[in-house]
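The values are calculated or read from the model by the stated rules, or taken from the named source; none is laboratory data. In this text, all values refer to a predicted model and were calculated from it rather than measured experimentally. Because the Cβ atoms are built from the backbone with ideal geometry, glycine has one as well, and the counts that use them run over all protein chains shown. Remember, those area values only see protein heavy atoms, side chains included, never the ligands or the DNA or RNA. Shrake-Rupley method; radii C 1.70, N 1.55, O 1.52, S 1.80 Å.
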Amino acid sequence: MSIVNCGKRRDCSGIALVASLIIGIIAAFLQITAVITLTPIFYIVALGIAIVYLAVTLLATSLSRETAECNGCCTSLNAVLIGILGTILFSVILLAITFAATSVIGAIVVGALFFFFSLLITTTACLAKCLAGCGN
């Protein structure tokens, strides 16, 4: 299951992956230096958004499957699903386990949550662009 396109050009999903990786690294750095401290409400909201995204993605793909064929949208759809599942996983981990504000492992998990959440948001834009027929 590839996130980036097999072609030689960079596609929207590849750019979204790189941007999300940068956001995740910045969030992990800010967490370990205690510049940001997140409350459990943030994790609950991230979990809720990911679950709603999963339901909306299911509906959108089932409705668009009859009208559009998968001509490059599968890459964006795979990336959206990876973002959804990663966001659900890491928000549940952060809700279940308490980490100290300056914990290295806690910062890595928070960085992973931000990575997957931003991947979810950015690749949704790529999927909308692809389903609209504007290319990937």
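Taking the criterion of being without any contact (Cβ under 8 Å) to a residue 12 or more places away in the chain and among the polar types (S, T, N, Q), the only residue of segment 90-102 that qualifies is T98.
Contact map, segment 44-57: first residue more than 14 Å from L81 (Cβ to Cβ), second residue at pLDDT 90 or above and hydrophobic (A, V, I, L, M, F, W, C), Cβ cut-off under 6 Å, separation 6 or more or different chains; pairs are A46/F117. Taken over segment 39-53, the criterion of being more than 17 Å from T124 (Cβ to Cβ) and either among the acidic types (D, E) or open to solvent by 50 Å² or more (accessible area, probe 1.4 Å) (or both) is satisfied by T39, P40, I41, F42, I44. Return the residue satisfying two criteria in turn: it lies in segment 8-22 and is loosely packed, with under 14 Cβ neighbours inside 10 Å and modelled with pLDDT under 85, and of such residues it is nearest to L81 (Cα to Cα). Going through the qualifying residues, I end up with R10. Taking the conditions (1) of a type in the set (A, V, I, L, M); (2) touching a Leu at 6+ places or on another chain (Cβ under 6 Å); (3) open to solvent by 60 Å² or more (accessible area, probe 1.4 Å) in turn, L58 satisfies each one other than (2). Does at least one position in segment 88-104 carry a residue that is touching a Leu at 6+ places or on another chain (Cβ under 8 Å) and of a type in the set (G, A, S)? Yes, that holds for at least one residue. V35 meets the stated requirement of being more than 14 Å from F114 (Cα to Cα), open to solvent by 80 Å² or more (accessible area, probe 1.4 Å), without any contact (Cβ under 8 Å) to a residue 24 or more places away in the chain and outside any helix (DSSP H, G or I).
The rows are residues; the columns are (1) small (G, A, S); (2) at pLDDT 95 or above; (3) part of a helix (DSSP H, G or I); (4) open to solvent by less than 40 Å² (accessible area, probe 1.4 Å).
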{"residue": "C74", "(1), (2), (3), (4)": "no, no, yes, no"}
{"residue": "L81", "(1), (2), (3), (4)": "no, no, yes, no"}
{"residue": "A101", "(1), (2), (3), (4)": "yes, no, no, no"}
{"residue": "V110", "(1), (2), (3), (4)": "no, no, yes, yes"}
{"residue": "A128", "(1), (2), (3), (4)": "yes, no, yes, no"}
